[in-house]
Amino acid sequence: MSAIFSFGERLDGYSVPVLNERAVRAAAGIVFFFAIVSFMNAWLIGNFQPTRVFVVAFLIDFTLRIFVNPKFAPSLILGQWMVRKQQPEYVGAPQKRFAWAIGFVLAVVMLYLVVIKHVIGPINLIVCAACLVLLFFETAFGICIGCKVYNWFNKDQAQLCPGGVCEFEPARGAGGSWAHAAVVLAFIGVVGAWTSHVAANDPYARAVAPTAVPAAASPAVDAAETERCKVPDFAKAMGHEEKWKLHNNCK
């Protein structure tokens, strides 16, 4: 029974329970993919249905991670399989549990707002955005923001952090020089200028010929089209009326 309900592995040479960071990052990437898909559906077209599905799946996954065993969390099972041929990189489990607890709390909030109460508004997007930030930093940079918060509330500081950040002191100038900063700023300037040019010269807009308006459309067709293009209340509540019309080909 203890082998089922546990958190982290006890390995020789490590003073605390550990997790494979490579599997953890892979799992974060998997969750991030589905999170961004559901978020963009809500943000761009006001469709919260994918979010309702994702929130329940996310909550189940994190419940298994925290209260049962990370080995039985579906995302970590898939993540471990994806990196099975890579050498494990072990990190401390206690701070990961704290970080995942933050995600669990956010999932519970979303369950209440989106799944149970069907609330539509900016609070949902803010909570989703917070989850996305945490997941993105984990999977893209190996930076566990929740692990950093862990040190604020625990006398025993985190050990075996990803990338060795708990013990490693970077050399002066390791993050780059002023020359590197100038290159990045120049790059942003060039891309910004090109974006303005592209916005002002859209070949696709010119290629689309205006649609001829029928001389006399039947009242039945007009009524059906009016009903089809009626903006739903959830889009109005989000202030996404124009985006909803755009995605539904309504004027």
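Of note:
- In nm, spacing of pseudo-spin labels at Asp233 and Cys250 (7 Å Cα→C-beta vector): 1.5
- Shown in residue order for the range 36-49 are the 3J(HN,Hα) couplings computed by the Karplus curve 6.51 cos²θ - 1.76 cosθ + 1.60 at θ = phi - 60°: 5, 5, 5, 5, 5, 4, 6, 6, 8, 10, x, 9, 8, 4 Hz (x for Gly and Pro).
- Computing FRET efficiency as 1/(1 + (r/R0)^6) for Asp156 and Ala3, where r is the C-beta to C-beta distance and R0 is 25 Å, gives about 0.50.
- Calculated FRET efficiency, Phe34 to Thr226, Cβ-Cβ distance, R0 = 35 Å: about 0.45 to the nearest 0.05.
- Among the cysteines of the chain, those whose beta-carbon sits 4.7 Å or more from every other cysteine beta-carbon are Cys128, Cys131.
- Taking amide hydrogens as placed 1.01 Å from N in the peptide plane, the amide H of Phe7 sits under 5 Å from that of no residue at least 5 positions away in sequence or on another chain.
- Exposure check, 1.4 Å probe, all protein chains in place: Cys128 carries approximately 30 Å² of accessible surface.
- Amide hydrogen neighbours beyond the local backbone of Tyr90, cut-off 5 Å, H modeled: Glu21
- Area accessible to solvent at Asp12, 1.4 Å probe radius, in Å²: 150
- Couplings 3J(HN,Hα) for the range 172-181, derived from phi with the Karplus relation 6.51 cos²θ - 1.76 cosθ + 1.60 (θ = phi - 60°), are 4, x, 5, x, x, 10, 5, 5, 5, 4 Hz, where x marks Gly and Pro.
- Expected 222 nm ellipticity per residue - DSSP helices of 4 or more, -39500 (n - 2.57), all of the chain, to 500: -18000 deg cm²/dmol
- Reachable lysines from Lys85, criterion Cα separation under 20 angstrom, eight or more residues apart if same chain: Lys71
- The label-point distance for Glu241 and Thr195, in a model that sets each label 7 Å from Cα toward Cβ, rounds to 2.7 nm.
- At 0.890 mPa s and 25 °C, Stokes diffusion of the range 15-77 via Kirkwood alpha-carbon radius, µm² per second: 193
- Accessible surface, 1.4 Å probe, highest first, among residues His240, His197: His197, His240
- Given the alternatives [x] 49; [y] 35; [z] 58, percent of Cα pairs over 26 Å apart as computed for this entry is given by [z].
- Diffusion of the range 79-168 by Stokes-Einstein, at 4 °C in a medium of 1.567 mPa s and with Rh set to the Kirkwood radius over alpha-carbon pairs, works out to 87 µm²/s.
- Placing a pseudo-label 7 Å from each Cα along the Cα-to-Cβ vector at Asp202 and Phe187 gives an inter-label distance of 2.8 nm.
The values are calculated or read from the model by the stated rules, or taken from the named source; none is laboratory data. Worth saying up front: this structure is predicted, and the values here are computed from it rather than measured. Glycine gets a Cβ as well: all are built from the backbone with ideal geometry, and neighbour counts include every protein chain shown. To get the accessible areas, we keep the full protein, side chains included, count just its heavy atoms, and leave off ligands, DNA and RNA. Shrake-Rupley method; radii C 1.70, N 1.55, O 1.52, S 1.80 Å.
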